[in-house]
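Remarks on the structure that follows.
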Amino acid sequence: MDAHQHEFENPFAMDADCENCPELCGPRERVVHGYGDVGAEFLVVGTSPTAAAERHGIPFTGPGGGERIQAVFGELGFVRSPPDAAEPDVQNVFFTNLTRCRHPDREPTDREIETCEPFLNAEIRMINPQILVPVGERPLRALAVEYTTRRPESFDVEAEHATTIRGRGFEIVPMVAPDDLTDERAAAFVDHMHENVLSRDYRQTKGRQSR
């Protein structure tokens, strides 16, 4: 955790009453911004908050997919609390989503993702991580547009899961969506991180400040 950071939840004080998407203001319970270490070298990006994450106000928390993601990053040493913690104790990782609001009856639209893009861009710019971990197809393609030279439609998260993609200024390590994260796939991701990311000097000097 950064020495100057006091809160993990929405540490950049982003708009908690955002009304940029009128269709979401009524159905949502709350806006769920990013959570974690502002000095993190690993930034994890999902699509949108789940019902449990919305209840807690924290991405990637709650029964099912949230606990699976927390368990994976716990094995990697980035989460120091149990997988079912409502407010995870984290280090060197930041969790966020493409969109900050949940509609109970549908997935976010492309327009809603586009509208939320400045929030994600601001988090990436201020954190300046080394590794981006898109969780699911839509986050992978969204990050591909910004940070690789490949066409977004050329990516398949099933094939790219637990691999490293060289990006522009970042490395990208994709993960399948939480609902598809079987024990075998979780183990493959953890193994790849240990053997191909954490075992070497993954740090890139471009744009980094020493901590």
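Where a number appears in this text, it was derived from the coordinates with a stated rule and is not lab data. Since this is a predicted model, take the numbers as computed values, not measurements. A quick note on method: Cβ atoms are made from the backbone with ideal geometry, for glycine too, and the neighbour counts reach across all protein chains shown.
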Whole percent per 5 Å bin, from 0 to the bin with the longest distance: what is P(r) over all C-alpha pairs of the stretch 14-99? 3, 16, 26, 26, 15, 9, 5, 1
Evaluate 2.2 N^0.38 Å with N set to the residue count of the stretch 107-194, then give the Cα radius of gyration divided by it. 1.08
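What value does the stretch 83-148 have for Rg/Rh, both radii from Cα atoms and Rh as Kirkwood defines it? Walk me through the numbers before you get to the answer.
Working: Rg = 13.1 Å, Rh = 13.5 Å.
When Rh is taken as the Kirkwood radius, the ratio is 0.97.
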So what is the diffusion coefficient of the chain in µm² per second by Stokes-Einstein at 4 °C and 1.567 mPa s, using a Kirkwood Rh over Cα pairs? 76
Among Asn196, Asn121, Asn20: highest mean-square fluctuation, GNM of the chain, C-alpha pairs under 10 Å: Asn20
Would you kindly derive the ³J(HN,Hα) couplings of the stretch 36-42 from the backbone phi angles with the Karplus curve 6.51 cos²θ - 1.76 cosθ + 1.60 (θ = phi - 60°), listing them in order in whole Hz, with x for Gly and Pro? x, 7, 6, x, 5, 9, 10
Fewest-first ranking of Tyr35, Tyr202, Tyr147, using other Cβ atoms within 10 Å as the exposure measure: Tyr202, Tyr147, Tyr35
Ranked list, fewest to most other Cβ atoms within 10 Å of each Cβ, for Glu195, Glu23: Glu195, Glu23
Highest GNM mean-square fluctuation, the chain, Cα pairs closer than 10 Å: which of Leu132, Leu181, Leu140? Leu181
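Please give the contour-minus-distance gain from Arg80 to Glu158: 0.36 nm per residue of separation, less the Cα-Cα distance, rounded to one decimal in nm.
Contour length minus the Cα-Cα distance gives 25.2 nm.
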Would you order Val72, Val32 from fewest to most other beta-carbon atoms within 10 Å of each residue's own beta-carbon? Val72, Val32
Efficiency of FRET between Arg55 and Asn20 - r from beta-carbon atoms, R0 30 angstrom, step 0.05: 0.85
Mean shadow area (nm²) of the C-alpha convex hull around the stretch 52-108 is 3.9
